[in-house]
1. So, in segment 181-197, exactly how many residues are part of a strand (DSSP E or B) and of a type in the set (A, V, I, L, M, F, W, C)?
2. Which residue pairs have Cβ atoms closer than 9 Å, lie 6 or more positions apart in sequence or on different chains, and pair a first residue in segment 188-204 that is basic (Lys, Arg) with a second residue that is surrounded by 11 or more Cβ atoms within 10 Å (Cβ to Cβ)?
3. Taking the options Thr172, Thr178, name whichever one is part of a strand (DSSP E or B), under 28 Å from Pro126 (Cβ atoms) and open to solvent by 70 Å² or more (accessible area, probe 1.4 Å).
4. Filter segment 9-20 down to the residues that are closer than 30 Å to Ala158 by Cα, open to solvent by 50 Å² or more (accessible area, probe 1.4 Å) and in a strand (DSSP E or B) and list them by number.
5. Residues Leu148, Leu137: which one is crowded, with 20+ Cβ neighbours inside 10 Å, part of a strand (DSSP E or B) and touching a residue at least 40 places away in the same chain (Cβ under 8 Å)?
6. Look at segment 21-39 and say how many of its residues are open to solvent by less than 40 Å² (accessible area, probe 1.4 Å) and either closer than 15 Å to Thr85 by Cβ or without any contact (Cβ under 8 Å) to a residue 12 or more places away in the chain (or both).
7. Restricting the first residue to segment 1-18 and requiring it to be without any contact (Cβ under 8 Å) to a residue 60 or more places away in the chain, which pairs with a second residue that is open to solvent by 90 Å² or more (accessible area, probe 1.4 Å) and part of a loop (DSSP other than H, G, I, E, B) meet a Cβ separation below 8 Å and a spacing of at least six or different chains?
8. Being surrounded by 16 or more Cβ atoms within 10 Å (Cβ to Cβ) and assigned to a strand (DSSP E or B): is that true of Ala114 here?
Amino acid sequence: GADYVTDAGQEDSITLADGSVVRLAPRSAIKVRLGDDRRDVRLLEGEAYFEVAPDAARPFHVDSGETRVTVLGTGFDVRLGEAGTDVAVRHGRVQVRRPGEDPALLTDGDWSRARPGGSENGAGPPHIVGAWRHDRLTAVDQPVSEMLHDARRHHAGAIRLTNRRLAARTVTGVYDMTDPAAGVAVMVQPLGGKVHRLTPWLILVS
């Protein structure tokens, strides 16, 4: 049911009819509905960065899982991960709504992450928002399992993790995904992890 889809290692830049631009990350998919009184995008898989054209008469919404992002004129990133939807703002403002929680207003550098049982909010340097557009994954206390979820979008084969304890450990840093195996190695080696490239299509993390 997607209108736009990317494959592993592939990105796409889409200019919508209203002038808004969507940068679609690898292995991602969106559905777009533009009308006279609304502009709605649903993130079906993966991650996308949005530069939204102002239009006071037509609110711009991004839905992902159970999360709704209402755009107030901005550049921002939406990521659908294993635990839910994460939102980060490069510039401007968005409102984030999740079931059972008060709306959160995010501005430059702010982020809101889905977590089991709730969400957490924080802030970081605005320039790292959407760094995947330059083949970089950024993490601030992110579980290894979530980072590998993102790394898989940059690899045409499979990345398998064999250790549950390592999966729950957290990392902070910027990781180069031009070579996914090397980037993952930099990520997990400080935690005692090892990366084995068994074939061009299979990377094993233990």
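1. Pass one, segment 181-197, residues part of a strand (DSSP E or B): 195-197.
Cutting the leftovers down to of a type in the set (A, V, I, L, M, F, W, C) gives us 195.
Summing the residues that are part of a strand (DSSP E or B) and of a type in the set (A, V, I, L, M, F, W, C) in segment 181-197 gives 1.
2. Short answer, once both residue conditions are applied: Lys194/Ala185; Lys194/Val188; Lys194/Leu204; Lys194/Val205; Lys194/Ser206; Arg197/Ala181; Arg197/Ile203; Arg197/Leu204.
3. Working: Thr178 fails: part of a strand (DSSP E or B).
Of the residues listed, the single one that is part of a strand (DSSP E or B), under 28 Å from Pro126 (Cβ atoms) and open to solvent by 70 Å² or more (accessible area, probe 1.4 Å) is Thr172.
4. Asp12, Ser13 - these are the residues of segment 9-20 that are closer than 30 Å to Ala158 by Cα, open to solvent by 50 Å² or more (accessible area, probe 1.4 Å) and in a strand (DSSP E or B).
5. On the way: Leu148 fails: part of a strand (DSSP E or B).
Only one candidate qualifies: Leu137.
6. Step one: of segment 21-39, the residues open to solvent by less than 40 Å² (accessible area, probe 1.4 Å) are 22, 24-26, 28-30, 32, 35, 39.
If we keep only those that are either closer than 15 Å to Thr85 by Cβ or without any contact (Cβ under 8 Å) to a residue 12 or more places away in the chain (or both) as well, we get 25, 28-30.
The qualifying residues number 4.
7. Filtered contacts from segment 1-18: no entries.
8. Working: surrounded by 16 or more Cβ atoms within 10 Å (Cβ to Cβ): yes; assigned to a strand (DSSP E or B): yes.
So Ala114 passes the test.
The values are calculated or read from the model by the stated rules, or taken from the named source; none is laboratory data. Just so it is clear, the model here is predicted, and its values are computed rather than measured. Quick reminder, even Gly has a Cβ in these numbers, built from the backbone with ideal geometry, and neighbours come from all protein chains shown. Just so you know, the surface numbers come from the protein's heavy atoms only, side chains and all, with ligands and any DNA or RNA stripped out. Shrake-Rupley method; radii C 1.70, N 1.55, O 1.52, S 1.80 Å.
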